[in-house]
Amino acid sequence: MADWKTLLAPHPRVRLLVQGAPVADGSCVLYWMQRAQRAKANPALNLAIALGNSLKLPVWAVFGLTPSYPEAQRRHYRFLIEGLVDTQADAAQLGVPLVVRLGDPPAVVLKAVEESRPAVVVGDENPVRIGQCWRAKVAESLSQRARPIPFPVVDADVVVPSSLFPKEEYAARTIRPKIHRVLHEWLKPLPVIKAKTPWPTDESGQGGPPQGEPITVEHLMGQIRVGGVGEVPNYPGGTREAERRLQRFVAQRLARYGKDRNEPIPYMTSELSAHLHFGHISPLTIALAVQKEAEEAGVAAETKASVESYLEEMIVRRELAINFVARNPKYDSLAGCPDWARATLAKHANDPRPKLYTATQLERAETHDPLWNAAQKEMTLTGRMHNYLRMYWAKKILEWSPDPETAFAVALDLNDRYEMDGRDPNGYTGVAWAIGGKHDRPWSERPIFGTVRYMSYDSTRRKFDSERYIAYVRGLERGGSLPLGD
DNA sequence: ATCGGCTCGCGCAA
DNA sequence: TGCGCGAAGCCGAT
């Protein structure tokens, strides 16, 4: 069994936010689960368990659930809580109790530290601003104690650790070769480790296992009482559902993914982005399952090409998006976009806008464009939008808004509140790509867009079966009004 | 149906 | 310093 020094030695996937030796008379190891909301293939939980086994201490996990996460809506909370049910069960299999407490996450964690006196606190990485802020608060408090508590944070939700890309990457072409150079080192399954040191069960009440009620969805939903955008039927969160979707993708869709991923109906994609967003499944688990298909004997060339293009999307482009959010503090505004794009948009700021829609008109899908309206309604009704249309949707918001800053804010707000994977690095990057030319190059100059790439309804119709898609969304609408925010 | 130009800047070769 | 080429396209020429 590795000793703690080995476990806390420098590693690309681990940042030691508070350094030092485990607290000598600590009574446990505490894992603060933030981003990686799963017990399977979770290297942060693995580190906590390995440290517990090494120090002969029991391990517990705490999740702080705040009812005031920015922009989060009822549909997101239900999805998240459904995930916690699976995760509590899976963690118990590993000998780790998972306790969910309501409140501001740093406060929840620090209270858990007071009551259980851990030797080490383990965290996981989350590149968005609020995640960085929460971790900084916890790190500061842990470091300023009379006996500082070491606080390693594990980059659990990327295949290739993001520390290998310390600067903001300019485009996919700059990060792609760096990823491919080292990918083979990271495309390896994680071990399954169980906690070996049981919680004491003495009668005194001292040092007993942390008391966490079994999570039930309705109970927690009742406790947090959040409003906002309504829930989505038939779109459950959790590791179990993520595994189902992965199986479905590999068995039924992968072979055709390369060719047919833009098919409107049925989707040929994995539809795992929300589960990835909440950490219900590891991108490593997905990558290994998909890659295995390419290695089967006698596999069709088409399947091999599909695997390649899927891994390009799920590793290169997803991790580029994470790099953008982690390294550019202005990731959620036009200010985070490249100079050439901001200059050209400014030059065209006073171009007449033949069509102008307010945020409310857009939210209600009340534009002249049936394809755009269908995409907006699909998102509102189902919590997701066809990948191909996400680009078109955001570019039209630029075209129909008084200025690019407003367009950026409106697109991001709709994305964050309605998409089940809202507030994900992919969403920030998608809007920045469409409106601010992020990771893109200039094209022919034209009104409003300047040299930012343009997309047109007519051309979209050539590459995409718009009629079929519009009819499909009309079917979704039947018999119900849009679940708009309150 | 296919092709080239559009337009900027990174990263590598030299 | 020069040069190739690029997160998902558009448009007009052929």
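Relative to the longest principal axis of the Cα atoms of chain A, the long axis of helix A:172-186 lies at roughly 30 degrees. The angle between the Cα long axis of helix A:74-93 and the main principal axis of chain A comes to about 30°, on a 0 to 90 degree scale.
In segment A:1-67, if every C-alpha pair distance is counted and binned at 5 Å from zero, what percent goes to each bin? Histogramming segment A:1-67 at 5 Å steps yields 3, 15, 26, 28, 18, 7, 2, 1, 0 percent.
The DSSP beta bridges internal to chain A are antiparallel in roughly 30% of cases. Between their Cα atoms, which of A:Lys137/A:Lys196; A:Lys355/A:Lys395; A:Lys111/A:Lys137; A:Lys188/A:Lys304; A:Lys196/A:Lys292 are more than 21 Å away from each other? Over 21 Å apart, Cα to Cα: A:Lys137/A:Lys196; A:Lys196/A:Lys292.
Look at A:Asp157, A:Asp90, A:Asp104, A:Asp124 and count the other Cβ atoms within 10 Å of each Cβ; fewest to most, that gives A:Asp104, A:Asp90, A:Asp124, A:Asp157. Pairs of Cα atoms nearer than 8 Å and 6+ residues apart set the relative contact order; for segment A:12-89 it is 36 percent. For the Cα trace of chain A, dividing Rg by the Kirkwood Rh returns an Rg/Rh value of 0.98.
Each principal axis of segment A:319-434 carries a Cα extent, and these read 35, 34, 21 Å when sorted largest first. The Kirkwood radius of segment A:302-367, taken over pairs of alpha-carbon atoms, gives through the Stokes-Einstein law at 10 °C and 1.306 mPa s a diffusion coefficient of 102 µm² s⁻¹.
Only Cα pairs under 8 Å and 6+ residues apart enter the sum, and on that basis the relative contact order of segment A:1-137 stands at 36 percent. Bin by bin, in steps of 5 Å, what percent of the Cα pairs in segment A:61-115 do you find, going until the bin that has the longest distance? It works out to 4, 18, 25, 22, 20, 8, 2, in whole percents.
This ranking places A:Trp60, A:Trp199, A:Trp32 by how few other beta-carbon atoms lie within 10 Å of each, fewest first, which gives A:Trp199, A:Trp60, A:Trp32.
Couplings for segment A:311-322, taken from phi via the Karplus curve 6.51 cos²θ - 1.76 cosθ + 1.60 with θ = phi - 60°, read 5, 4, 5, 7, 10, 4, 6, 5, 7, 5, 4, 5 Hz in order; Gly and Pro are left as x. Using the rule -39500 (n - 2.57) for each DSSP H run of four or more residues, divided by the residues of chain A, the 222 nm mean residue ellipticity is -14000 deg cm²/dmol. Relative to the longest principal axis of the Cα atoms of chain A, the long axis of helix A:43-55 makes an angle of roughly 10 degrees. Dividing the mean sequence gap of close Cα pairs (under 8 Å, 6+ apart) by how many residues chain A holds gives a relative contact order of 18 percent. With neighbour counts taken as other beta-carbon atoms within 10 Å, the residues A:His184, A:His275, A:His348 rank, fewest first, as A:His184, A:His348, A:His275.
Rounded, prolate or oblate, given the Cα gyration tensor of segment A:400-486, with a/c below 1.5 counting as rounded? Judged from the Cα gyration tensor, segment A:400-486 comes out oblate (a/c at least 1.5, b/c at or above a/b). One equal scatterer on each Cα of segment A:205-273, no solvent, Debye formula: the resulting log10 I(q)/I(0) at q = 0.12, 0.21, 0.24 Å⁻¹ is -0.57, -0.97, -1.09. For segment A:343-423, which trypsin sites (Lys or Arg not before Pro) pass both filters: DSSP loop (anything but H, G, I, E, B) and at most 12 other C-beta atoms within 10 Å? Sparse-neighbourhood loop trypsin sites (Lys or Arg not before Pro): A:Lys355.
Each value in this text was obtained by applying a stated rule to the coordinates, not by laboratory testing. All figures in this text were calculated on a predicted structure; none of them were measured in a lab. So basically every Cβ, Gly included, is an ideal-geometry build from the backbone, and we count neighbours across all protein chains shown.
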